[in-house]
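Colleague: I'd like to ask you about the structure that follows.
Taken together, the values in this text are just the output of simple stated rules run on the coordinates, not laboratory data. It should be emphasised that the depicted structure is a prediction, and the values quoted were computed from it without experimental measurement. Methodologically, a virtual Cβ is constructed for each residue, glycine included, from the backbone with ideal geometry; neighbour enumeration extends over all protein chains shown.
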2 protein chains.
Amino acid sequence: MSNVFKAISDNTRREILRLLREKPLSAGEISKHFPVSKPTMSAHFSVLREAGLVATHKQGKLVIYQINMSVLEDALLGFSGAIGLGLRSNTLNKGNKNAKS
Amino acid sequence: MSNVFKAISDNTRREILRLLREKPLSAGEISKHFPVSKPTMSAHFSVLREAGLVATHKQGKLVIYQINMSVLEDALLGFSGAIGLGLRSNTLNKGNKNAKS
DNA sequence: TAGATAGTTAGCTAATCATCTAATTGTTGT
DNA sequence: ACAACAATTAGATGATTAGCTAACTATCTA
């Protein structure tokens, strides 16, 4: 999906995904790590959500963001394959896409 | 490198890389595959070149573009690692980054 | 119910981007 | 030297983008 590449073309959004690698985080917790306004962060979240790279659920007044590894994997692997770059998914993570390590 | 992700965020540029997978091509040969003007294509080539994704050499009046697999591999693998997505380089292609298949 | 907190939406701006046409540079062949 | 061809540069334009402040919505708690 082209939206995935647009989404990860921005450094702030790549950093958001990196933070989400550890564990799901609320919008506010994520925003603390960046020197930009909350509305700007919210816009970044929208881009990531529309690309399917993150999923959300509400928890009280918090909105929890969670990374969606498979969408990222599909895009990267698909592109890598189309280009003839032989990237492979790590079999250790198969069926455990959100593994911390 | 952030420029790599910007470069591959555009569909035309991803297609250019896909064409270059087969073999090095001149600017004109590449341009034939796209419904945009030559100057626009030239601008796309600049973005790819500045990201280090392609290298060029002149051959008479032709400018030959060649894909640089290792830069792409480094960026994708680096990001994949930072995010905790366990992509690995295909060992079959080790030391043969420009392999056709 | 009122105040505080979390997050998004609305509306704006400056910068970047993809695209175009016209002009320029460089190379080859006659 | 000149015509033809390949490609880039110059310069303009409309669209998208990342950023901001202000205002709104929703939830919790005192």
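Colleague: Taking a point 7 Å out from Cα toward Cβ as the label site, list the nm distances between residue B:32 and the same residue in every other copy, smallest first.
Modeller: Reported distances to equivalent positions: 5.9 nm.
Colleague: Need the C-alpha centroid separation for region B:66-89 versus region A:65-84, integer Å.
Modeller: 11 Å
Colleague: Set the Förster distance to 25 Å, then compute FRET efficiency between residue A:88 and residue B:46 from the Cβ-Cβ distance, nearest 0.05. Present the calculation step by step, with values, prior to reporting the outcome.
Modeller: Numbers: r = 32 Å, r/R0 = 1.28.
After rounding, the FRET efficiency stands at 0.20.
Colleague: Using 1/(1 + (r/R0)^6) with R0 = 45 angstrom and r between the beta carbons of residue A:58 and residue B:2, what's the FRET efficiency to the nearest 0.05?
Modeller: Rounded to the nearest 0.05, the efficiency is 0.85.
Colleague: Taking chain B as a Gaussian network, where each spring joins two C-alpha atoms under 10 Å apart, which residue of B:61, B:23, B:38 fluctuates the most?
Modeller: B:61
Colleague: Using 1/(1 + (r/R0)^6) with R0 = 41 angstrom and r between the beta carbons of residue A:29 and residue B:21, what's the FRET efficiency to the nearest 0.05?
Modeller: With a Förster radius of 41 Å, E is 0.50.
Colleague: Where the label is 7 Å out from Cα toward Cβ, how close does residue B:55 come to the same position in every other copy, in nm, shortest first?
Modeller: For residue B:55, the inter-copy label distances come out at 4.4 nm.
Colleague: Considering only chain A, pick the residue with its Cβ nearest the axis of the rotation onto chain B, and state the distance in whole Å.
Modeller: A:9, 2
Colleague: Would you report the distance distribution of C-alpha pairs in the protein assembly as shown as whole percents per 5 angstrom bin, up to the bin with the largest distance?
Modeller: Reading the bins upward from 0: 1, 7, 15, 18, 17, 14, 11, 8, 5, 3, 1, 0, 0, 0.
Colleague: Can you list residues whose amide H is under 5 Å from residue B:54's amide H, if they're 5+ apart or on another chain and H is modeled 1.01 Å from N?
Modeller: B:49, B:68
Colleague: Within region A:1-60, report the trypsin sites (Lys or Arg not before Pro) that DSSP leaves as loop and that have at most 13 other Cβ atoms within 10 Å.
Modeller: When the trypsin sites (Lys or Arg not before Pro) of region A:1-60 are filtered for loop state and at most 13 Cβ neighbours within 10 Å, A:32 remain.
Colleague: Along Cα-to-Cβ, 7 Å out, sits the label point; list in nm, shortest first, how far the one on residue B:78 is from those in the other copies.
Modeller: Listed shortest first, these distances are 2.5 nm.
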